[in-house]
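Working notes, beginning with the structure itself.
The values are calculated or read from the model by the stated rules, or taken from the named source; none is laboratory data. Note that the structure is a prediction, hence the values are computed from the model and not measured. So basically every Cβ, Gly included, is an ideal-geometry build from the backbone, and we count neighbours across all protein chains shown. Just the protein is used for accessible areas: all its heavy atoms, side chains included, with ligands, DNA and RNA removed. Shrake-Rupley method; radii C 1.70, N 1.55, O 1.52, S 1.80 Å.
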Amino acid sequence: MTTVSEAPTSTAHIAPVAGHIGAEVTGVDLGTDLTDQQVADITAALHAHKVLFFRDQHIGHAEQIAFSRRFGSVTPSHPYDDAPTEFPEILAVDSRLYEKRFGVRKFSYTNHWHTDVSPLINPPAASLLRAEIAPERGGDTSWTNLAAAYAGLPEVLRTFVDGLRAEHRFGGRQPAWHEDSDYAKKVAKAPLITEHPVVRVHPVTGERVLFVNPGFTTRIVGLSPRQSDAVLKLLFDELSDPAYTVRFRWEKGSLAFWDNRATAHLAPSDLEHLDVTRVLYRTTLEGDIPVGVDGAPSRSIAGDQFVGS
Ligand SMILES: [Fe+2]
């Protein structure tokens with residue numbers, strides 16, 4: 001464990017929990033006004049460890065939004081949110097809502113590895129997810145470090161993917177919802193599609209990040225469908241290698257804060273047979289437009305920038 005601030009009222013303890021990603025943060029009460037030093041410490045830890053875990057933070061929506069806002073502009077909950085809470089910035093990840101929304105029993109939007117809302121021209125810079133109701137067993141979330149996944153590729157493959165671009169489409173290749181649902185109609189009416197570099201350069205750390213994900217990336221631009229599928233399969237296998245991942249067990253009051261520019265995450269799929277409820281609340285920070293190794297930015301095919309306040 002390392003202590004990154006010596007001030008007695010603002011000491012954040014950062015304890016890495018897996019080989020490539022994740023750190024548990026203690027010594028910070030998210031329900032209070034953070035000092036500038038605490039914000040700086042948490043920001044540095046976020047960029048170093050990609051996902052931070054906080055425990056026993058019994059805060060409400062207003063406190064979650066206030067905490068989020070110390071790190072950037074907070075966006076509305078989601079481009080397609082159809083069950084808003086009284087707080088427009090809060091997205092409910094509520095198992096009780098999914099059956100109604102998608103027409104299928106689920107505990108999250110998708111059970112594929114994904115980076116939140118990557119089909120936006122400016123995907124969120126970060127996401128914060130707080131558990132309100134956690135099942136007694138199961139329901140863990142996993143994250144993977146996309147910078148480590150890129151760095152782990154042999155040089156010949158890094159050079160190859162550096163020059164590629166890929167299409168990200170909301171719904172991906174296998175939409176999670178029933179095709180007759182209102183949600184499907186809403187997405188079809190206002191699609192979100194963006195061409196991103198396959199390797200983006202992180203604007204803060206300068207790291208190269210393997211910016212594709214099975215949840216939203218539909219094809220590699222310029223390849224045949226067969227070639228594209230083969231390349232994406234290789235990349236998806238790499239980024240979901242357990243070596244680059246960390247897994248988090250939720251309890252009421254747990255909060256995860258991840259760098260959405262350098263990670264993908266995986267919702268649980270081990271609860272469908274259990275009669276349990278899982279409720280979490282998400283906020284997202286406004287993101288920038290990704291830039292590739294060649295300096296070329298992403299290109300919107302459908303959809304506008306998603307901005308916060
Ligand atoms: Fe997500």
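Think of region 1-116 as having a plus end and a minus end, set by charges on the Cβ of Lys, Arg, Asp and Glu; of P88, S73, T110, T110 sits farthest toward the positive end of this dipole.
Would you mind working out the magnitude of the charge dipole of region 131-222 relative to its Cα centre, with +1 at each Lys and Arg C-beta and -1 at each Asp and Glu C-beta, to the nearest 20 Debye? List each step's numbers first, then the result.
Values: 11 positive and 11 negative charges, 66 e Å.
Charge dipole of region 131-222: 320 debye, to the nearest 20.
Can you list the GluC sites (Glu not before Pro) in region 173-209 that are in a DSSP coil and have 15 or fewer other beta carbons within 10 angstrom? Intermediate results must be reported in sequence, preceding the final value.
Working: sites: E179, E195, E207; in loops: E179, E207.
Filter output for region 173-209: E179.
Each Lys and Arg contributes +1 and each Asp and Glu -1, all at the Cβ; summed about the Cα centre of the chain, the dipole is approximately 740 debye.
Counting only Cβ charges, +1 for Lys and Arg and -1 for Asp and Glu, the dipole size of region 75-194 around its Cα centre is about 280 debye. For the chain, taking Cα atoms only, Rg and Dmax work out to 18.6, 59 Å respectively.
The Cα atoms of region 1-137 cover 51, 36, 33 Å along the three principal axes, with the biggest extent listed first.
So with the 1.4 Å probe, I'd like the accessible area per residue for the chain, rounded to whole Å².
Details: 13060 Å² over 309 residues.
For the chain, the solvent-accessible area averages 42 Å² per residue.
With the charge dipole of region 167-309 set up from +1 on Lys and Arg Cβ and -1 on Asp and Glu Cβ about the Cα centre, the Cα lying farthest toward the positive end among the listed residues G308, F236, P175 is that of G308.
Using a 10 Å cut-off on Cβ atoms, rank the peptides 274-282, 117-125 from the highest mean neighbour count down. Walk me through the intermediate numbers first.
Details: 274-282: 17.6, 117-125: 25.3.
Descending packing order for the listed peptides: 117-125, 274-282.
Run the accessible area of the chain with a 1.4 Å probe and give the carbon-and-sulfur part as a rounded percent. Walk me through the numbers on the way to the answer.
On the way: 6760 of 13060 Å².
Roughly 52 percent, rounded to a whole number.
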